[in-house]
1. Whole-Å semi-axes of region A:1-52's equivalent ellipsoid, largest first, each the root of 5 times a Cα gyration tensor eigenvalue?
2. With N set to the number of residues, divide the alpha-carbon radius of gyration of region B:25-79 by 2.2 N^0.38 Å and report two decimals.
3. Please report, to one decimal in angstroms, the Kirkwood hydrodynamic radius of chain A built from all distinct Cα-Cα pairs.
4. Please list log₁₀ I(q)/I(0) at q = 0.09, 0.10 Å⁻¹ for the protein assembly as shown, using the Debye equation with identical point scatterers on the alpha-carbon positions.
5. Cα centroids of region B:35-111 and region A:42-113: how far apart, whole angstrom?
6. Report the normalised scattering of chain B as log10 I(q)/I(0) at q = 0.10, 0.15, 0.17, 0.22 Å⁻¹, calculated by the Debye formula with identical scatterers on the alpha carbons.
7. Can you give the mean number of other chain Cβ atoms that lie within 10 Å of the Cβ atoms in peptide B:100-109?
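Derivation of every value follows stated rules applied to the coordinates shown; laboratory data play no part. Keep in mind the model is a prediction, meaning the values are calculated, not measured. No Cβ is skipped: glycine too gets one built from the backbone with ideal geometry, and neighbour counts run over all protein chains shown.
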Amino acid sequence: DAMVIQNPRYQVTQFGKPVTLSCSQTLNHNVMYWYQQKSSQAPKLLFHYYDKDFNNEADTPDNFQSRRPNTSFCFLDIRSPGLGDAAMYLCATSRGGRTGELFFGEGSRLTVL
Amino acid sequence: GEDVEQSLFLSVREGDSSVINCTYTDSSSTYLYWYKQEPGAGLQLLTYIFSNMDMKQDQRLTVLLNKKDKHLSLRIADTQTGDSAIYFCAETPNRDDKIIFGKGTRLHILP
């Protein structure tokens, strides 16, 4: 059974039209992450939550926001998607601490027209 | 600084051994990981090694760590078609909960 579930799997939006991607987990993990993955590039960490503590990466554009209303859910909001934001967005969870196995969802592929 | 480097492609004949190499820059990394990503799927942890170890073996997988050279390798013995995937090397710098990934090595299996 899937433990990290992302919706939608595929999202098509128009340039500048806001998008929300969702992630839910049944693992009760403390930490949730959002990564952006483009073809032939390393998954790039956008931000992560340790419980309700929000940690933004220094180079994450302001266009990207996140919400974690409770332990199970986390959302990625892209306020004004540009063509360069087309990518696979991966949600992951972990128990926390540096032994860090990440559990990934299957990803949401965003296309910007 | 944080940087994980690995070659982008590797082709191996079925039945041969595959060796995927990685270099990293953060000498304080406590754990080093290999993740596997199959087409259309998220990343899945394959194996990991603690920084005070030189080698770890798990069935067909052997991980070698050269801490002096900051070099990590993954050897897959008797490579099968099901091993076709992208393999990501990753490190945990010795602070917070971040995991830094390389660009991934696409393993292609030749018949």
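1. Values: eigenvalues 94, 45, 32 Å².
After scaling each eigenvalue by five and taking roots: 22, 15, 13 Å.
2. Numbers: Rg = 12.1 Å, N = 55, 2.2 N^0.38 = 10.1 Å.
Here the Cα radius of gyration is 1.20 times the empirical estimate.
3. Numbers: mean 1/r = 0.0713 Å⁻¹.
By the Kirkwood definition, the hydrodynamic radius is 14.0 Å.
4. -0.37, -0.45
5. Region B:35-111 and region A:42-113 have Cα centres spaced 22 Å from each other.
6. With no solvent term, the Cα-only Debye profile gives -0.26, -0.59, -0.75, -1.21.
7. Numbers: counts 4, 8, 3, 5, 5, 0, 1, 0, 0, 0.
Average neighbour count from other chains, rounded to a whole number: 3.
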